[in-house]
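The values are calculated or read from the model by the stated rules, or taken from the named source; none is laboratory data. Here the structure is a predicted model, which means the values were calculated and not measured. FYI the Cβ positions are ideal-geometry reconstructions off the backbone, even for glycines, and counts take in every protein chain you see.
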Amino acid sequence: MSAIKVVIHSFPLLLQAAMTTFVLSLVATAIGLVIAALVCALGLSKRRWLARAGAVYVSFFRGVPLLVQLLLIYYFLPFIGIDVPSLVAAVVGLSLCTAAYLAEILRGGLASIPPGQREAGEMLGLAKSQIWRRLLLPQAVRSMLPAIVSEVTLLLKASSLISVIGVAELTRTGQNIAASTYQPLEIYATVGAIYLALNLLLAAGGGMMERRFGLARR
Amino acid sequence: MTFDLSVFAGSGTEILGGFLMTLLAWISGTALSLALGLAVSLGLVFGPHALAIALRSYVEAIRGTPFLVQLFILYFGGPYIGLTLDPLPAGIVGLAIYGGSYFAEIFRAGFLAIPAGQVEAAALLGLTRRQIVGRIQFPQMMVVILPALVNMVIILSKETTILSIITVPELTFVVKGIGTRTFAFVETLLALALGYWLLVEVTSACGKALEQRVARHLVR
Amino acid sequence: MKRGLWVGLVAALVGLSIAGAASAGHADDVLAKVKSKGELVVGTEMQFAPFDFLENGAQVGLNADLFREIGKELGVKVTFVDLPWDGVLPGLEAKKFDVVAGPVTITKERMTRYQFTLPIADATVALLKRAGDDSVMKPKDIAGKAVGGGKSSAQLDQLKLFAETLPGKADIREYVDNNQAYADLAAGRIVAVANSLPNISYVAAQRPDTFAVVTPPFGQKVYFGYVGRPDEDSKTLMAAIDDALRKIEADGRMEQIQKKWFGLKMDLPDSVPEPGF
């Protein structure tokens, strides 16, 4: 088959796989943000063992390659009686990993909020949870939005690793096609172009959100 | 499931060789990508418009695609346009191109973080462009961007595992090979996790020490 | 941070030892479970044409056809799980599936670790070269040249043994994946790739303008088989699959499937032969 024919022929399959990649990455980011907020709160706790737990979480999930984390979730949990389907294992693995990076980003964002605001919230009689949910987190997320978007693009690319536990995402689907057509270069170039398009889409979305938050601030 | 560390017996030199190969690719790839990133960021911030557009496309294209895809095209596609690199040089060049795009963005953010007034003041005092960059902007921005730099260096250390697809015998390649040969998957997986974790912890410890040093220098 | 590291490590090790303890003392017959569920779960990698690959996103190949017949004989539905090869055998040990398709070359070392079914194809090693490359006309011509093979494959081991008998030392490169070795052969870094004859015959048939097979095959005669866990629980399942394979061979279905994917009939032994390798 000619190069163009191979690309046209495989494009629908690659697009379908790209959807899997895109959706799983976004879901993992959403869950990851929730975990990250908890981990970040732990890390800032005055109780030392809680702060320590937060630090260990970040150290482990940033230090151990995602590939190894995924294999641990998928292959070793069944030995203790927890059987995880591969799609669930993929989302859990991606969420846990990105949460470690997001927690660090949030920490940086929180540090940029003047302490007076928290004190003001306490004076006004807001509950601790309210101060977090209403005051600190929204501001941290807003000021760190560019960093969060860039973490999502990293996650989008890292999500190619979930193929090791049997999820047919974009890279794996490309490799599968390359293995039956024996024309890997054409396929890899197409796969690269699709990743690029997805990331440009994300960047555009991030830009729009930034402008919206900017308006809200006024 | 069994847990048997004896699978590593007799493979000591092989593993050490893999580890050294990882270090070699990582350190030379990082050094090259830092240099490339700095050069690109200078072009982005100070270069003429056309150059800035070309460099911006490079940065976006590389940051938007996975390293695996880039390395594959460089190594297996290169020969079709007369660029036949051996595995290790291809791996190092690939890392440099990949890391360079991220470092360029980090350096650029650093340049932008220095107030314009300082640059203007230095120019009024008669400092040359080179002196302004080298003496005023660079030392200050290092304080701001060091955490981001260290983070990226850590990410590069884990990207070296991908060099295995072009037959570079780095740590993952060697240890996984032992796993396939001895069927000791659990042991080899854990050994890999530990190896990279150690590398990352040492790197971030060095980064923290460096951060303190750079900041102290500025306070004085 | 340093203490964080050790706490995490200890936690991981404790977790694993609990895992190990929990997996012991579990006794269930795999065949009985497969029959009661009505489903046989097969792990494989669908990047191994002509045995297992994808066409327009659908699985095709010898495995799909043969397991359809095996499923009929056992009276169960067959479900395939596609994983990168790195994850397939660990997945079998973690009981994510009942049997592994692959197929896997039957060697002495692997027989101590797993149970194999009857041979399903010839796995003898041969060389693939670039079409029109006159410098490699027979296996011996690789002396002093660069040749590739799949890392940790039985075919690579045979290639190494063969290369030692040659006058000029061949430069043997190890690839994590056969498909990368083919790509490097096309790119011109190596002059040949060693893999099983059925695999490379298929590659050459698909891209005749790029690749060609070097005949004859060399090295020891070896076979491909399917793989099960070595435990007692798997014995009945493996025996049932062997019975099914004998029936499929006897009534000519095997020949049909082989002709479809290899273009010829392969003579196979009707018991697992003692591998000479």
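Points worth noting:
- Top-ranked residue of region A:73-92 - restricted to ones that are among the β-branched types (Val, Ile, Thr) and more than 8 Å from chain C (Cβ to nearest Cβ), ranked as farthest from B:ILE162 (Cα to Cα): A:ILE82
- Of residues in region B:162-186 being surrounded by fewer than 21 Cβ atoms within 10 Å (Cβ to Cβ) and among the polar types (S, T, N, Q), the one farthest from the chain's Cα centre (by Cα): B:THR182
Residues checked against (1) part of a helix (DSSP H, G or I); (2) under 17 Å from C:ASN63 (Cβ atoms):
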site	(1), (2)
C:GLY225	no, yes
C:PRO230	no, no
C:ASP233	yes, no
C:MET238	yes, yes
C:ASP242	yes, yes
C:ILE248	yes, yes
C:GLN256	yes, yes
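- Which listed residue, of A:LEU135, A:LEU200, A:LEU145, A:LEU185, is closer than 23 Å to C:GLU45 by Cβ, surrounded by fewer than 21 Cβ atoms within 10 Å (Cβ to Cβ) and of a type in the set (A, V, I, L, M): A:LEU185
- Residue tally, condition modelled with pLDDT of 95 or more, part of a helix (DSSP H, G or I) and of a type in the set (Gly, Ala, Ser), over region C:60-118: 2
- Every residue from region C:155-171 that is under 26 Å from C:TYR223 (Cα atoms), away from every other protein chain (no Cβ under 11 Å) and not acidic (Asp, Glu): C:GLN155, C:GLN158, C:LEU159, C:LYS160, C:LEU161, C:PHE162, C:ALA163, C:THR165, C:LEU166, C:ALA170
- Selection within region B:199-212 - at the interface with another protein chain (Cβ under 8 Å from one of its Cβ atoms) and not charged (D, E, K, R): B:VAL200, B:SER204, B:ALA205
- Annotation note: Cβ proximity below 6 Å between a residue of region C:18-37 that is within 14 Å of chain A (Cβ to nearest Cβ) and assigned to a loop (DSSP other than H, G, I, E, B) and a residue that is at pLDDT 50 or above and surrounded by 17 or more Cβ atoms within 10 Å (Cβ to Cβ) (sequence gap 6+ or interchain) occurs for C:ASP28/C:ASP233.
- Residue count, region A:159-176 (criterion: within 14 Å of chain C (Cβ to nearest Cβ), among the small types (Gly, Ala, Ser) and in contact (Cβ under 8 Å) with a residue 40 or more places away in the chain): 4
- Taken over region A:27-72, the criterion of being more than 26 Å from B:LEU199 (Cβ to Cβ), more than 14 Å from every other protein chain (Cβ to nearest Cβ) and part of a helix (DSSP H, G or I) is satisfied by A:VAL27, A:THR29, A:ALA30, A:ILE31, A:LEU33, A:VAL34, A:ALA37, A:LEU38, A:ALA41.
- Under the condition of being surrounded by 14 or more Cβ atoms within 10 Å (Cβ to Cβ) and farther than 30 Å from C:PHE97 by Cβ, the residues counted in region A:67-125 number 15.
- Test for B:ILE53: is it out of contact with any Lys or Arg (no Cβ under 7 Å at 6 or more places or on another chain) and over 25 Å from B:VAL200 (Cβ atoms): yes
- Wholly enclosed strands (runs of 3 or more DSSP E) of region C:127-218 bearing at least 1 residues over 21 Å from the mean Cα position of the chain (by Cα): C:146-150, C:171-175, C:211-214
- Residue in region B:36-57 that is over 28 Å from B:ARG181 (Cα atoms) and either among the acidic types (Asp, Glu) or not in a helix (DSSP H, G or I) (or both) present: yes
- Taken over region A:79-112, the criterion of being at pLDDT below 90, in contact with a Ser or Thr (Cβ under 8 Å, 6 or more places away or on another chain) and under 17 Å from A:ALA41 (Cα atoms) is satisfied by A:GLY109, A:SER112.
- Only one of the listed residues (A:LEU24, A:LEU14) is within 13 Å of chain C (Cβ to nearest Cβ), assigned to a helix (DSSP H, G or I) and buried (at least 18 other Cβ atoms within 10 Å of the Cβ). That residue is A:LEU14.
- In summary, B:THR84 fulfils each of the numbered conditions (1) in a helix (DSSP H, G or I); (2) without any contact (Cβ under 8 Å) to a residue 40 or more places away in the chain with the single exception of condition (1).
- Criterion applied to B:LEU68, B:LEU42 was being surrounded by 18 or more Cβ atoms within 10 Å (Cβ to Cβ) and touching a residue at least 60 places away in the same chain (Cβ under 8 Å), and the one residue passing it is B:LEU68.
Residues checked against (1) in contact with a Phe, Trp or Tyr (Cβ under 9 Å, 6 or more places away or on another chain); (2) surrounded by 20 or more Cβ atoms within 10 Å (Cβ to Cβ); (3) under 24 Å from C:GLN258 (Cα atoms):
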{"site": "C:PHE48", "(1), (2), (3)": "yes, yes, yes"}
{"site": "C:GLY57", "(1), (2), (3)": "no, no, yes"}
{"site": "C:LYS77", "(1), (2), (3)": "no, no, yes"}
{"site": "C:LYS96", "(1), (2), (3)": "yes, yes, no"}
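- Single residue of A:LEU185, A:LEU196, A:LEU156, A:LEU200 found to be in a helix (DSSP H, G or I) and facing chain C (nearest Cβ under 8 Å): A:LEU185
- Looking across region C:86-121 at every residue that is under 25 Å from A:ILE73 (Cβ atoms) and among the aliphatic types (A, V, I, L, M), the one that is nearest to the other protein chains (Cβ to nearest Cβ) is identified as C:ALA94.
- When the test is whether a residue is more than 12 Å from every other protein chain (Cβ to nearest Cβ), of a type in the set (Gly, Ala, Ser), assigned to a helix (DSSP H, G or I) and in contact with a helix residue (DSSP H, G or I) (Cβ under 8 Å, 6 or more places away or on another chain), A:ALA140 passes it.
- Subset tally (residues that are away from chain A (no Cβ under 14 Å) and either surrounded by 21 or more Cβ atoms within 10 Å (Cβ to Cβ) or without any contact (Cβ under 8 Å) to a residue 60 or more places away in the chain (or both)) for region B:45-65: 9
- So A:ALA179, is it within 14 Å of chain C (Cβ to nearest Cβ), modelled with pLDDT under 90 and surrounded by 21 or more Cβ atoms within 10 Å (Cβ to Cβ): yes
- Count of region A:12-61 residues, restricted to those that are hydrophobic (A, V, I, L, M, F, W, C), within 25 Å of A:TYR195 (Cβ to Cβ) and more than 16 Å from the chain's Cα centre (by Cα), is 4.
- Any hit, region A:33-52, residues being closer than 21 Å to A:LEU170 by Cβ, in contact with a Phe, Trp or Tyr (Cβ under 9 Å, 6 or more places away or on another chain) and touching a residue at least 40 places away in the same chain (Cβ under 8 Å): no
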